[in-house]
Amino acid sequence: MNTDVDRVVAHLSPGAGPGMTEGAQALMRDIMAAEPAPSRAVTPLRAVASAGRRGRRSRVLRAAVPGVALLAAAFLGLSWLLPAGHGLGPGTAAALDIKKEDGYYVIEVKDLYADSATYEAQLRDAGLDVTLNVVPSTPALVGSVSPTSITEDRYLDEIKTIDRPGECDKMGGCPIGVKIPENFEGHAEITIGREARPGERFQNGTAIDALGEPLHCLPYIGRTVAEVRGMLQERGVTVQEFDDMDPVSGGTKESVPDSWLVEGGSMTEPGKASLNVYEGSAPQEPGGRRGENCPTS
């Protein structure tokens, strides 16, 4: 029993330090080994006083032991629920899964929220001169992969994506990994789009009517700010800011008159958008028109 108590205490210890004093250890062992209360037949005053002390100590035991057990259970449950790499013990989970297959390095991102230094360390260990940036992206570009050459300033066609089977509803495709030739030379920079956390600004975006975006191919260009705001609200999106396109007095503004006209827009963060607007008194396109990136039929 005493060994079990020591083990529980060791699990609950926050780390290196003095730990429990010898007196505290002795008290815990005394509590766990406490004898039952004496029989009612014991009547001497000393025995009654001793029984009172033991009774109080037993009440402490009944209150303390369930608390220790509950904390121990909570600690174990937390360590089961959280993945490796969250500070609950050794064995940090790898951010990338890298393997060789058919003349390629096949790379899958296991932790989309790791920092760039973590990715770079794993890639260097695998012998790859690659910089990997995983950035918060607008819905259309979540999962997109863009490999470019820093030294040659070009898109690297030799780096392939591994696409998810079936249909894809995103403009940037639906890859699940990337393949780099084993004989690749030079320095590559690969940008991968991930979902943004609430309140996190997109670093990778596109037009608000692109495939996967809230106004996908809806006729909104040339309509008033009031009309387009309503279209967005129906889709759970609010307007965060306006980009006044006037070459003299333009710039980013928090608000503009509802009668102004919309020329374009993009998402800025989850649930929020920016609209490109200009001053006008009446819609130039009463029914609105679709963007140029939409099919004609």
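Things to note:
- Matching residues in the range 266-297 - criterion: being on the phi > 0 side of the Ramachandran plot and either within 33 Å of the chain's Cα centre (by Cα) or of a type in the set (Lys, Arg) (or both): Gly271
- When we screen Ser249, Ser274 for residues that are among the polar types (S, T, N, Q) and free of Cβ contacts under 8 Å to residues at least 12 places away in the same chain, the only hit is Ser249.
- Number of the condition not met by Asp169 [criteria: (1) assigned to a loop (DSSP other than H, G, I, E, B); (2) without any contact (Cβ under 8 Å) to a residue 40 or more places away in the chain; (3) touching a Leu at 6+ places or on another chain (Cβ under 8 Å)]: (2)
- Taken over the range 184-206, the criterion of being under 17 Å from Ser116 (Cβ atoms) and over 13 Å from the mean Cα position of the chain (by Cα) is satisfied by His187, Ala188, Glu189, Ile190, Thr191, Ile192, Gln203, Asn204.
- Test: residue in the range 184-199 that is in a loop (DSSP other than H, G, I, E, B), surrounded by 14 or more Cβ atoms within 10 Å (Cβ to Cβ), in contact with a Leu (Cβ under 7 Å, 6 or more places away or on another chain) and not small (Gly, Ala, Ser): no
- Of all residues in the range 227-236, those satisfying the criterion of being in a loop (DSSP other than H, G, I, E, B) and under 19 Å from Phe202 (Cβ atoms) are Arg235, Gly236.
- The residues listed here are Leu275, Leu261; of these, the one that is touching a strand residue (DSSP E or B) at 6+ places or on another chain (Cβ under 9 Å), among the hydrophobic types (A, V, I, L, M, F, W, C), surrounded by 15 or more Cβ atoms within 10 Å (Cβ to Cβ) and closer than 25 Å to Arg201 by Cβ is Leu275.
- Given (1) over 23 Å from Ala196 (Cβ atoms); (2) surrounded by 14 or more Cβ atoms within 10 Å (Cβ to Cβ); (3) of a type in the set (Val, Ile, Thr), number of the condition Val248 does not satisfy: (2)
- The combined condition, being open to solvent by 60 Å² or more (accessible area, probe 1.4 Å) and under 25 Å from Thr206 (Cβ atoms), is fulfilled by Lys160.
- Failed item, numbered, when Gln233 is tested on (1) under 25 Å from Ala140 (Cβ atoms); (2) in contact with a Ser or Thr (Cβ under 9 Å, 6 or more places away or on another chain); (3) surrounded by fewer than 19 Cβ atoms within 10 Å (Cβ to Cβ); (4) not basic (Lys, Arg): (2)
- Among the candidates Val262, Val277, Val239, Val248, residue that is modelled with pLDDT of 95 or more, farther than 21 Å from Ala140 by Cβ and either outside any strand (DSSP E or B) or of a type outside the set (Phe, Trp, Tyr) (or both): Val277
- Candidate set from the range 127-156 (those that are outside any strand (DSSP E or B) and closer than 14 Å to His187 by Cα); member that is modelled with the lowest pLDDT: Ile150
- Residues (surrounded by 21 or more Cβ atoms within 10 Å (Cβ to Cβ) and assigned to a loop (DSSP other than H, G, I, E, B)) located in the range 215-226: Leu215, Tyr220, Arg223
- Hey, Gly89 open to solvent by 30 Å² or more (accessible area, probe 1.4 Å), at pLDDT below 90 and part of a loop (DSSP other than H, G, I, E, B) or not: yes
- Within the range 217-269, the set of residues being under 24 Å from Cys294 (Cα atoms) and either touching a Cys at 6+ places or on another chain (Cβ under 8 Å) or among the basic types (Lys, Arg) (or both) comprises Cys217, Arg223, Arg229, Arg235.
The values are calculated or read from the model by the stated rules, or taken from the named source; none is laboratory data. On a predicted model such as this, the values are computed, not experimentally measured, just so you know. Here the Cβ is made from the backbone with ideal geometry for all residues, glycine too, and neighbour counts use every protein chain on show. We work out accessible area using only protein heavy atoms, side chains counted, and drop any ligands, DNA or RNA first. Shrake-Rupley method; radii C 1.70, N 1.55, O 1.52, S 1.80 Å.
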